[in-house]
Amino acid sequence: WHGAGDRRALTALTLALGFVADHEAIQALAAEVASRPVDPENLIHLGTAVAISQFHRGDAAGAFATVERLRTEHSGDDAQALVDVFESRLRSFAGDQDLAAELAIRWIDHPDVAMRVDALTVAASVDANRGHGARARAGYDAAFAQALAAPGAPMSLAGTPYLFRLSAVADDGAFDEAAAQAEKVERDLART
């Protein structure tokens, strides 16, 4: 990223800093990017990394202010879908299941498979958080099936709904089933 300003490098750096939860580096990168020409999609992804960092540091108000800034600064359906689905996940984490569902459901038919899978996964998570286990599992299954059926989609797209489905199965008390399903994919996950 520092050498060539490549957008793929910025995406990888943003994800890596998020994975290691380096909050200071995320803030520094956001400040650095503000002075460089960067495409809107990368700005949104970086903004969501800043927001999740704020959220995990106990600044939920700051996180939602960052999301609102992203919504205001970026227009168009694709930008709004990215921001809405991200916010829906964050709202669900914060306990606002009604707003999480409202934001996610509007994008479950989005033409981009990643948006559909994410929106379906959040909607299923809302069901799980509300205690509707069977409906949550069906929602995760729908997201998982769409991820697997999409030509050229990375296998990682199927990982989140699969993992969340395992949690829903365990939450329903079917621990042996959840463990068996986790063990079924463990070797492949480790290899890939």
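The values are calculated or read from the model by the stated rules, or taken from the named source; none is laboratory data. Note that the structure is predicted; figures quoted are calculated from it, not measured. Using ideal geometry, Cβ is built from the backbone for each residue, glycine included, and neighbour counts are taken over all protein chains shown. SASA here: full protein model, heavy atoms, side chains in, ligands and nucleic acids out. Shrake-Rupley method; radii C 1.70, N 1.55, O 1.52, S 1.80 Å.
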- Distance between segment 18-81 and segment 107-162 - C-alpha centres, whole angstrom: 23 Å
- Message: Taking the solvent-accessible surface of protein heavy atoms with a 1.4 Å probe, what is the per residue accessible area of the chain in Å²?
- Response: 55 Å²
- With Rg and the Kirkwood Rh both taken from Cα atoms, where does Rg over Rh land for segment 60-108? 0.96
- Which distance in nm do the two modelled labels at D141 and L163 give, with both placed 7 Å along the Cα-to-Cβ direction? 2.3 nm
- Query: If one computes P(r) from the Cα atoms of segment 1-67, what percent of pairs lie at distances over 21 Å?
  - Reply: 17 percent
- Task: Using only the alpha-carbon atoms of segment 139-192, report the extent along each of the three principal axes, biggest first, to the nearest angstrom.
- Result: 35, 27, 12
- Test item: Cα-centred dipole of segment 148-189, Lys/Arg +1 and Asp/Glu -1 on Cβ, debye: 220 debye
- Extension reserve of the R57-D112 stretch, reckoned as 0.36 nm per residue once the Cα distance is removed: 16.7 nm
- What dipole magnitude, in Debye to the nearest 20, does the chain give about its Cα centre under +1 on Lys/Arg Cβ and -1 on Asp/Glu Cβ? 200 debye
- Message: Testing the spin-label approximation: label points 7 Å from Cα along Cα→Cβ at M155 and A182. State their distance in nm.
- Response: 2.0 nm
- Message: Counting only helical runs of four or more DSSP H residues, what would the 222 nm mean residue ellipticity of the chain come to if each run contributes -39,500 (n - 2.57) and the total is spread over all its residues?
- Response: -25500 deg cm²/dmol
- Message: Output needed: percent of Cα pairs per 5 Å distance bin for the chain, bins running from 0 to the one holding the longest distance.
- Response: 1, 8, 14, 17, 19, 18, 13, 6, 3, 1, 0
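Computed from the mean reciprocal separation of all distinct C-alpha pairs, what Kirkwood hydrodynamic radius does segment 96-192 have, in Å? If you can, show how the numbers build up before the last one.
Details: mean 1/r = 0.0734 Å⁻¹.
Every distinct Cα pair counted, the radius reaches 13.6 Å.
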- Ordered by packing density, taken as the mean number of other Cβ atoms within 10 Å over each peptide's residues, highest first, how do 39-49, 149-159 rank? 39-49, 149-159
- Whole-number D in µm² s⁻¹ for segment 33-91, Kirkwood Cα-pair radius fed into Stokes-Einstein, 10 °C, 1.306 mPa s: 139 µm²/s
- Message: Checking a compactness column here: for segment 86-149, what do you get for Rg(Cα) / (2.2 N^0.38 Å), N being the number of residues?
- Response: 1.00
